[in-house]
1. Looking at Ile294, Ile240, Ile233, which is the one that is among the β-branched types (Val, Ile, Thr) and in contact with a Ser or Thr (Cβ under 9 Å, 6 or more places away or on another chain)?
2. With respect to Ile112, determine if the residue is closer than 18 Å to Leu224 by Cβ and at pLDDT below 95.
3. Starting from residues that are in a loop (DSSP other than H, G, I, E, B) and exposed (fewer than 14 other Cβ atoms within 10 Å of the Cβ), keep the ones in the range 112-146 and report whichever is nearest to the chain's Cα centre (by Cα).
4. When Gly184 is evaluated against the numbered criteria (1) exposed (fewer than 13 other Cβ atoms within 10 Å of the Cβ); (2) under 25 Å from the mean Cα position of the chain (by Cα); (3) among the small types (Gly, Ala, Ser), which criterion, by number, is the only one it fails?
5. If you take the residues in the range 256-266 that are without any contact (Cβ under 8 Å) to a residue 40 or more places away in the chain and farther than 24 Å from Gly66 by Cβ, which one is surrounded by the most Cβ atoms within 10 Å (Cβ to Cβ)?
6. Among what's in the range 147-171 and is in contact with a helix residue (DSSP H, G or I) (Cβ under 6 Å, 6 or more places away or on another chain) and either open to solvent by 50 Å² or more (accessible area, probe 1.4 Å) or outside any helix (DSSP H, G or I) (or both), pick the residue that is farthest from Phe89 (Cα to Cα).
7. Looking at the range 187-212, which of its residues are modelled with pLDDT of 85 or more and under 31 Å from the mean Cα position of the chain (by Cα)?
8. Can you name the residue in the range 285-300 that is open to solvent by 50 Å² or more (accessible area, probe 1.4 Å) and of a type in the set (A, V, I, L, M) and, of all such residues, is modelled with the lowest pLDDT?
Amino acid sequence: MTLTVDRAPPVRHGVSLADRARTLLPKIVLAPSFALILLFVYGFILWTLYLSFTNSRILPVYEIVGFDSYARLWAQPSWHMAIKNLAIFGSLYIVFCIAIGLLLAILLDQRIRGEGVLRPIFLYPMALSFIVTGTAWKWFLNPGLGLERAMHQLGWESFQFDWLVSTEMAIYTVVIAGVWQASGFVMAMFLAGLRGIDGEIIKAAQIDGASTFAIYRRIIIPLLRPAFLSAVIVLAHMAIKSYDLVIALTGGGPGNATELPSTFMYSYTFTRSQMAVGSASAIMMLMGVAAIMIPYLYSELRERER
C-alpha cells in the first residue's frame, strides 16, 4: 500500500510590488520637502556659521579669520543695548502673556455664557501678522494720532502718553503690542490643559473642604506644568526672533531704544555692510534658541522613556 502526501504550495516570502509602493510612497512624497529643509534651513545655518568666521562685508568672503567678527560684535554698544532690550522685552512678554492667558483660561473654564463668542475674540489677535499688529499699535500710541489726541479732544488736556517717542519707555510699547497679540494663544493652551484635568480630583478636594483658591494653587496649577513649559518655550522663541513687530511699531527707535538682536542682525547684514558681524549675531541668536529648546526636548524625551 502506497501513501501519497499532498504537498502544500510553496510559500512566497517576497514582498509584492504593491506593498513596496505603499512603503515607498510616503518617503517619495516627503523627499522634496526634506531636501528643501536640508538646503534652505540647515544648509544656510551652516553657511551663516561659516561666514561668521570670515571678514565678509557687503559680499561674502570665504577666507577664515577666526573669532574676529565675534569680538567686534561684543564690542558694539548697540549689541549690548539689544541684549538689554531683549531681557526687558522677553521677561515682561513671557510673564504678562502667561498671567493674562491663565486668568482668561480660568474665567472661560467656568462655563460662562457666551464662551463660544469670547474664545474667538481673544484668539483673533494671534491670527494677525506682527506687521499688522505693530502698525495698528503705532497708530494707537502715536501722541499726535491715537490715544493722547483722543483724550485731548474729549477735554482731558493734561493727559499724556508719549511712550512711543520716549527713549526710556519705547521698549514697553513693544511689550504691550506683543502681549496683546499672544495672550489669547496662551489662553487657548491653558484652557486645553484645564479641560484635560480629571474632574474627580477636583470633586474629591471639594468634598474634603478645600477652598477654590487652594484647589487652583495646589492641584490645578501644578497639573498645568506641561502647558506652562510649552508656553514659556513658544513665547521665548517668539521674543528672540521678534523683528517685524519692532520694525512696524518703532523701527528700532527712537535712536536704538528698541533695538533687539533680530533688528541688529538685519541692520548690520543688509544696511551697514557688516555681513560677518551680522552672521555672528545670528549665530548668537541661534544659540539662545538652542539653549531654550534643547532642555525642553531632553525633558520631553525623558518623560516618554518613563
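1. Details: Ile294 fails: in contact with a Ser or Thr (Cβ under 9 Å, 6 or more places away or on another chain); Ile233 fails: in contact with a Ser or Thr (Cβ under 9 Å, 6 or more places away or on another chain).
Going through Ile294, Ile240, Ile233 in turn, just one is among the β-branched types (Val, Ile, Thr) and in contact with a Ser or Thr (Cβ under 9 Å, 6 or more places away or on another chain): Ile240.
2. On the way: closer than 18 Å to Leu224 by Cβ: no; at pLDDT below 95: yes.
So Ile112 does not fit the description; no.
3. Ser129
4. Single failed check for Gly184: (1).
5. Ser262
6. Across the range 147-171, the extreme among qualifying residues is Phe159.
7. Scanning the range 187-212 gives Met187, Ala188, Met189, Phe190, Leu191, Ala192, Gly193, Leu194, Arg195, Gly196, Ile197.
8. In this case the residue turns out to be Leu297.
The values are calculated or read from the model by the stated rules, or taken from the named source; none is laboratory data. Just so it is clear, the structure is predicted and the values come from calculations on it, not from any experiment. Glycine gets a Cβ as well: all are built from the backbone with ideal geometry, and neighbour counts include every protein chain shown. The protein model used for the area step is the full one, side chains on, heavy atoms only, and it has no ligands, DNA or RNA in it. Shrake-Rupley method; radii C 1.70, N 1.55, O 1.52, S 1.80 Å.
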